[in-house]
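Take a look at the structure set out below.
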Amino acid sequence: MVPITTLHYLVVAAALFVLGVIGVLTRRNVVIVLMSIELILNAVNLNLVAFSRMWGNLHGQVFAIFITVDAAAEAAVGLGILISFFRNKETINVDEIDLLKW
Amino acid sequence: MPNFIMSYLDPKVTVTPGSAGNQFWALMYVLIIFAGVSVAVICMNWIERKALAHFQVRLGPMRVGPHGLLQPIADAVKLMIKEDIIPAEADQFVFWIAPMIGLLAAFTVYTVIPFGPSQAVSDMNIGILFMLGVSSLGVLGIVVAGWASNSHYPLIGALRSSAQMVSYEVAMGLAVVSAILMTSLNASGTGTLSMIGIVQAQQQQGVWFIFKFFPLGFIAFVIFAIAMVAETNRAPFDMAEAESELTAGYHTEYSGLRWSLFMLAEYAAMIAVSSIAVALWLGGWMRPFPNLLHAPAWDFIFSLFPGLTFGGLAAIAFVEAVRMPTQSFFRIQRIGLAVFAALLGFIALLLLVIAVAGRSADMSVAARFREGIDYVYWFVLKVAGFMYLFIWYRATWPRYRFDQLMKIGWKVMLPISLGVLVATAIVGVIFS
Amino acid sequence: MNPGMTAGLTSAVNAGMTPVGTPWFFYVLAGLAVASGVAVITRRNAVHSALALIVTLLAVAGLYLMLYAPFVAGVQIIVYAGGIMVLFLFVIMLVNIDRSSKERQFNRIWPVGLAAACALLALFVSTIAKGKALFPDRLMTLPESSNTQQIATMLYGEAGKMGQYTFAFEIASLLLLVAILGAVIMTKKKI
């Protein structure tokens, strides 16, 4: 069997990224769109950690930790926005959330 | 014997099977721990019912076996043959998977619990981080269980329970960090996150972390002890599963085998977090007074304790068998209890023989057996003490109201644990 | 090439940190991650999506462990699987309206989205195919036992000498404070 190189990890990260992009662009449910964004961030993290191993230093891992922290903050704020929107308009459908002011 | 089985039993190997890369013995340890935890949960069930009963001046189960010793087995059989009811509108897949998530989270923690310096499944060098992460996965099981039941009471119970667990996880994590800070107070100035490393740091520094920088270690221990009771949804923090308030909360709709999985997960989580508390603050596998009473004679006396404990249990069982009424109705129970006493006595004799045969500190097989048994014994004894404390809390204290519970978690525990962390850091820098 | 990267299960007895069975673990974890990713974006029920995302996050944590990044794996499990996903499940339960699971699950402009994603996939494939020669064909074995300590030095060390990320760490804590305040203010009913 072929040994596992950095390229293998990059392919997995690219696959997760594309899946996340498909989720963001095609789903109706806002919560699932936010979850796809988390998929994208994880793909980026995996990419960074794979490269960190390739170069032999830890900068990639520290950057991945910062991205994880950032993703937590963004998930909290995004879900807060979703909840306050849901209180006003009773829908979580991206097709119906299309006006800045009504 | 294949090499990969025998190579781990070499006396020069002093690491856990996970660190040595020996999959066979890692698997053996996993199976032993699984069996041990299951037996411990069964014993815990019996002890809880008897102890609660005696706290409430009644007798508890007495009929099923002698003094109700077979009651847990009867309960298990009953739960397994009960009808499996799934609510009509519930999500089938999620309903099925929820107890498994809780069970997974509860049992995966046992991978890093140090029963001895090389008696763990794997000594991960992020052991305590792994434990904190995996025990926070248990929250998911409860949330999903409450949602999947498609009913109001379980949903409210699940949301309350998970809010409580998340709140007390913060205080728990900070208390753990202040214990880890104490491991870095050695010559090289580097601490460790691995569980075995933490106990060895206590061994090196010659003091259990509960007594270090008194009262800082003690306060951190108390915070962890309170937070771990809240983490496992036990009294007095069992708002979410209180029978009188919420019709049993998130496991209302679960019946039979699924409910027993939840109970198994809860007891396993209790044992797991108590083991963490023992490893972090109470010196893990070290015997009491390792420095004060250091002579080999004291080592020998303390190594007799496992045999004497089982001997004491055997004596109690024997006395109860003698005291049992002599009518023919009780004959089977009397014989059963006498056989049980004989079994315990046999185990006690075996342990005493090992303790005497292995009393030298060399690398012979008997000495290594004795050391291993001693390590595991002291660890399990301390964890058993915690289990008894859990039962004592349940019998003694009334339940907290949910808003009181959240207020304590955020407004009392978090500031105190932050203060202890900062104080420990300051004192550690001053005294090193 | 690292001599430990051979296929199959080896009996690494006193080898300490020699990896065992790397290809098996990689393919299982990677397959699990991608399959769960597909489940995240295709399930009709939001709770099923969330559970699939949890499986993806745990699989990626396993991949981090294979990449000699135990601390990042631990942070991933604690923050992502144990924190963010609980938050997602809470919100799903709060906004769960039954009619949303009976409607269409893909939005109005889904062909455009799919085309854009396919273009992105084509871009990635061409980059990886053409750039394969650029990646140095080596895999360093990072020391695993001092990983946490080295990350801590980079995060908390003296700014300028060893701690290259101390300032960024402080900014990240400010970011979290702002996020907490924002989430609380947005969801309070009465400020």
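The values are calculated or read from the model by the stated rules, or taken from the named source; none is laboratory data. Remember, it's a predicted structure, so these values are computed and weren't measured experimentally. Note: ideal-geometry Cβ built from the backbone for every residue, glycine included; neighbour counts use all protein chains shown. Calculation scope for accessible area: heavy atoms of the full protein, side chains included, ligands and nucleic acids excluded. Shrake-Rupley method; radii C 1.70, N 1.55, O 1.52, S 1.80 Å.
Counting protein heavy atoms only and a 1.4 angstrom probe, how many square angstrom of accessible surface do chains A and C bury in total, to the nearest 100?
Values: alone 7480 and 15100 Å², together 15120 Å².
What A and C bury together is about 7500 Å².
Simple spin-label estimate for residue B:80 and residue A:7 gives 5.3 nm between the two label positions (7 Å along the Cα-to-Cβ direction from each Cα). Highest mean packing comes first when the peptides B:361-367, B:119-125 are listed by Cβ atoms within 10 Å, giving B:119-125, B:361-367. Element breakdown for chain B at a 1.4 angstrom probe: carbon and sulfur atoms account for 72% of the accessible area. A Förster radius of 56 Å, combined with the Cβ-Cβ distance separating residue C:171 from residue C:128, puts the computed FRET efficiency at roughly 0.95.
Partner chain Cβ atoms within 10 Å, averaged over the residues of A:44-57 - can you pull that number for me?
Other-chain Cβ atoms within 10 Å of each residue's Cβ, averaged: 5.
P(r) tail for the protein assembly as shown: Cα pairs beyond 45 Å make up 26% of the total.
Using unit Cβ charges (K, R positive; D, E negative) and no other charged atoms, how large, in debye to the nearest 20, is the dipole of the protein assembly as shown about its Cα centre?
On the way: 43 positive and 35 negative charges, 136 e Å.
For this selection, approximately 660 debye.
Please average, across the residues of C:108-118, the number of beta carbons from any other chain that are within 10 Å of each residue's own beta carbon, and give a whole number. Each step should come with its number before you reach the end.
On the way: counts 5, 4, 5, 1, 2, 7, 4, 1, 5, 10, 3.
Per residue, the number of nearby Cβ atoms from other chains is 4 on average.
Taking the alpha-carbon centroid of each part, what is the distance from region B:269-299 to region B:191-240 in angstrom? So the two Cα centres are separated by 12 Å. For region B:287-321, the residues whose amide N sits under 16 Å from a probe point set 7 Å from the Cα of residue B:343 along the beta carbon direction are B:310-311, B:313-318, B:321. Evaluated at q = 0.09 Å⁻¹, the base-10 log of the normalised Debye intensity for chain B, with identical point scatterers placed on the Cα atoms, takes the values -0.64. Within 15 Å, Cβ to Cβ, of residue C:147, how many net charges do the neighbouring residues add up to if Lys/Arg are +1 and Asp/Glu are -1? My count for the surroundings of residue C:147 gives -1.
Restricting the calculation to Cα atoms, every distinct pair contributes to the Kirkwood radius of region C:20-102, found to be 13.6 Å.
What whole-number value in Å² describes the accessible area per residue of the protein assembly as shown for a 1.4 Å probe? Could the numbers behind the result be given before it?
Details: 33890 Å² over 725 residues.
Here the residues of the protein assembly as shown average 47 Å² of exposed surface.
A Cα-only calculation for region A:29-90 places Rg and Dmax at 15.1, 51 Å.
Applied to region B:67-81, the Karplus parametrisation 6.51 cos²θ - 1.76 cosθ + 1.60 on θ = phi - 60° returns per-residue 3J(HN,Hα) values of 6, x, 5, 8, 4, x, 5, 4, 4, 5, 5, 4, 5, 6, 9 Hz, with x for Gly and Pro. Overall, region B:147-268 carries a charge dipole of about 400 debye about its Cα centre when +1 sits on the Cβ of Lys and Arg and -1 on the Cβ of Asp and Glu, all other atoms neutral. Per-peptide packing, taken as the mean over residues of other Cβ atoms within 10 Å, places B:64-73, B:220-229, C:172-181, A:8-17 in the sequence B:220-229, A:8-17, B:64-73, C:172-181 from highest down.
Each of residue B:170 and residue B:64 was given a label point 7 Å from its Cα along the Cα-to-Cβ line. The distance between the two points is 4.2 nm. Coupling constants for region B:197-206 follow from the phi torsions by the Karplus curve (6.51 cos²θ - 1.76 cosθ + 1.60, θ = phi - 60°), and in residue order they are x, 5, 5, 5, 5, 5, 5, 5, 7, x Hz; glycine and proline get x.
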